[in-house]
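The values are calculated or read from the model by the stated rules, or taken from the named source; none is laboratory data. These figures come from a predicted structure and were not determined experimentally. With ideal geometry, Cβ positions are generated from the backbone for all residues, glycine too; neighbour counts draw on all protein chains shown. Ligands, DNA and RNA are excluded from the accessible area calculation, which covers all protein heavy atoms including side chains. Shrake-Rupley method; radii C 1.70, N 1.55, O 1.52, S 1.80 Å.
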Amino acid sequence: MKVLMLGTGESGRTTVVKQIQRVVNTQEASKIDYKQQIRRNALMAIQTLIQAGEELNVASDDMQQKLISKQVMSLDAAHADSILRPELAKTIHDLWQSPAMQKVYARRAEFWSSDATSYYLNEVERIASADFEPNEQDLLMTRVRSTGVAVSEIIERPYRFQFVDVGGQRNERRKWAQCYEDVKLLIYVVSLPGYCQVMFEDSRVNIMNESLAVFEDIVKNPLFKSTPIYVFLNKKDIFEELVSSHPLRQYFPDYDGDKGVDPAVNFIKQKFRDIAKVHVPGKALQFCVVSALERNDIKAAFLDVKNALKRLNPVRKATAARMPENTYISTN
């Protein structure tokens, strides 16, 4: 049974897939790959803040810090695995902790930055250590921009679930249509903190508005008229931190609720329902409010999806008898 997973860039869709892998006790990619990538993430995180500080004119007046920032900006993040050593890591950590850099970070809604920026920079000295071995949290926090189509098969007798994960950046979406055939269930992943964040590809565009626009293109496609749609409202942990300091009404003036988390989430849910109502009257959307970093969240959401698939697609006994034992296969 084919499950299509879609979402714009920064939605956390690939992290959801990683967590599903953990839920079914599967092996992930080599930790060496993750070690190299998270070091790139850490270096790119501080470089993003330095550049933003210059553009926002909140860079430090301290000449020594300016010199250090210039040196860090000159480094090639592609080679972070070989250049990120303890001495450089300490320099980056001290720079991150500086008042000027914290002021820049406090204004992160005005520029694109990874949601994991604080994690990378708080942990940079550990990440740079010679004996560093990524732990489970590191594996989930490592950011690799997804491209192409990744297919994961989970077999739980007597069912076979095929999860198709397609890159969400704008230049990747042209590949989506080739995956639209024979979809039994669609999962659309949304970044809740995107309500106050800008896109990586275009800093003029609000992430939530982009997500709503892309969702509209999907839901009005005749191929999905009768396809069950689950909307995963992801990164609830970050959303809970932001919603009090970055009022939803500031970005969506039609919001008339208070600063509480639940009213804000309900408002966003209604945005998606309103779109579905226009194009597919009577179609019910299913929502899961999750943090892809929390195993129990994804475990519960995954169970909900599996139960829906089983209910809608019963397997005949003859087919079940030919199925292999529970297993997992991942292909790219």
**Prompt:** Does VAL205 count as in contact with a Leu (Cβ under 7 Å, 6 or more places away or on another chain) and at pLDDT below 95?
**Reply:** no
**Request:** Just give me the residues in the range 295-330 being open to solvent by less than 70 Å² (accessible area, probe 1.4 Å), modelled with pLDDT under 90 and not small (Gly, Ala, Ser), in sequence order.
**Result:** ASN313, VAL315, THR319, MET323, PRO324, THR327, TYR328
**Asked** Do we find that ASP62 is among the acidic types (Asp, Glu) and within 20 Å of ARG143 (Cα to Cα) in this structure?
**Response** no
**Residue that is nearest to the chain's Cα centre (by Cα) [pool: residues in the range 154-208 that are closer than 24 Å to TYR105 by Cβ and of a type in the set (A, V, I, L, M)]** = VAL190
**Prompt:** Mind checking which residues of the range 195-233 are touching a residue at least 40 places away in the same chain (Cβ under 8 Å) and polar (S, T, N, Q)?
**Reply:** GLN197, SER203, ASN206, SER211, ASN221, THR227
**Asked** For the range 210-242, which residues satisfy the criterion of being of a type outside the set (D, E, K, R) and over 18 Å from the mean Cα position of the chain (by Cα)?
**Response** ILE218, VAL219, ASN221, PRO222, LEU223, PHE224, SER226, THR227, PRO228, ILE229
**Fill in**
Within the range 103-148, residues being free of Cβ contacts under 8 Å to residues at least 40 places away in the same chain, in contact with a helix residue (DSSP H, G or I) (Cβ under 9 Å, 6 or more places away or on another chain) and either open to solvent by less than 40 Å² (accessible area, probe 1.4 Å) or not in a loop (DSSP other than H, G, I, E, B) (or both) number 5
**Message:** I need the full set of residues from the range 168-201 which are open to solvent by less than 40 Å² (accessible area, probe 1.4 Å), closer than 22 Å to ILE238 by Cα, in a loop (DSSP other than H, G, I, E, B) and in contact with a helix residue (DSSP H, G or I) (Cβ under 8 Å, 6 or more places away or on another chain), in order please.
**Reply:** GLY168, GLN197, MET199
**Asked** Any chance the range 87-94 includes a residue that's in contact with an Asp or Glu (Cβ under 6 Å, 6 or more places away or on another chain), in contact (Cβ under 8 Å) with a residue 12 or more places away in the chain, among the aliphatic types (A, V, I, L, M) and surrounded by 18 or more Cβ atoms within 10 Å (Cβ to Cβ)?
**Response** yes
**Message:** When you check ARG160 against the structure, is it crowded, with 17+ Cβ neighbours inside 10 Å and assigned to a loop (DSSP other than H, G, I, E, B), yes or no?
**Reply:** no
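Count, please, the residues in the range 93-102 that happen to be over 25 Å from the mean Cα position of the chain (by Cα) and in a helix (DSSP H, G or I).
Here is the first cut: in the range 93-102, the residues over 25 Å from the mean Cα position of the chain (by Cα) are 94-95, 97-100.
Imposing the further condition that a residue be in a helix (DSSP H, G or I) reduces the set to 94-95, 97, 99-100.
Matching residues across the range 93-102 total 5.
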**Complete:** Pairs returned, first residue in the range 2-16 that is β-branched (Val, Ile, Thr), second residue that is assigned to a helix (DSSP H, G or I) and at pLDDT below 90, beta-carbon separation under 7 angstrom, 6 or more apart or interchain, are THR15/LEU140
**Request:** Scan the range 259-269 and give yes if some residue there is under 30 Å from GLN178 (Cα atoms), modelled with pLDDT of 95 or more and either open to solvent by less than 70 Å² (accessible area, probe 1.4 Å) or not in a loop (DSSP other than H, G, I, E, B) (or both), otherwise no.
**Result:** yes
**Prompt:** Within the range 234-254, can you find the residues that are without any contact (Cβ under 8 Å) to a residue 60 or more places away in the chain, buried (at least 20 other Cβ atoms within 10 Å of the Cβ) and not in a helix (DSSP H, G or I)?
**Reply:** VAL243
**Residue in the range 270-282 that is farthest from ASP217 (Cα to Cα), counting only those that are surrounded by 13 or more Cβ atoms within 10 Å (Cβ to Cβ) and β-branched (Val, Ile, Thr)** = VAL280
**Hits in the range 155-171 - residues which are at pLDDT below 85 and more than 29 Å from VAL124 (Cβ to Cβ)** = ILE155, GLU156, ARG157, PRO158, VAL166, ARG170, ASN171
**Message:** Residue under question is ASP62, and the condition is that it be open to solvent by 50 Å² or more (accessible area, probe 1.4 Å), at pLDDT below 90 and out of contact with any helix residue (DSSP H, G or I) (no Cβ under 7 Å at 6 or more places or on another chain); does it hold?
**Reply:** yes
**Request:** Look at GLU54 and say whether it is surrounded by fewer than 15 Cβ atoms within 10 Å (Cβ to Cβ), out of contact with any helix residue (DSSP H, G or I) (no Cβ under 7 Å at 6 or more places or on another chain) and modelled with pLDDT under 95.
**Result:** yes
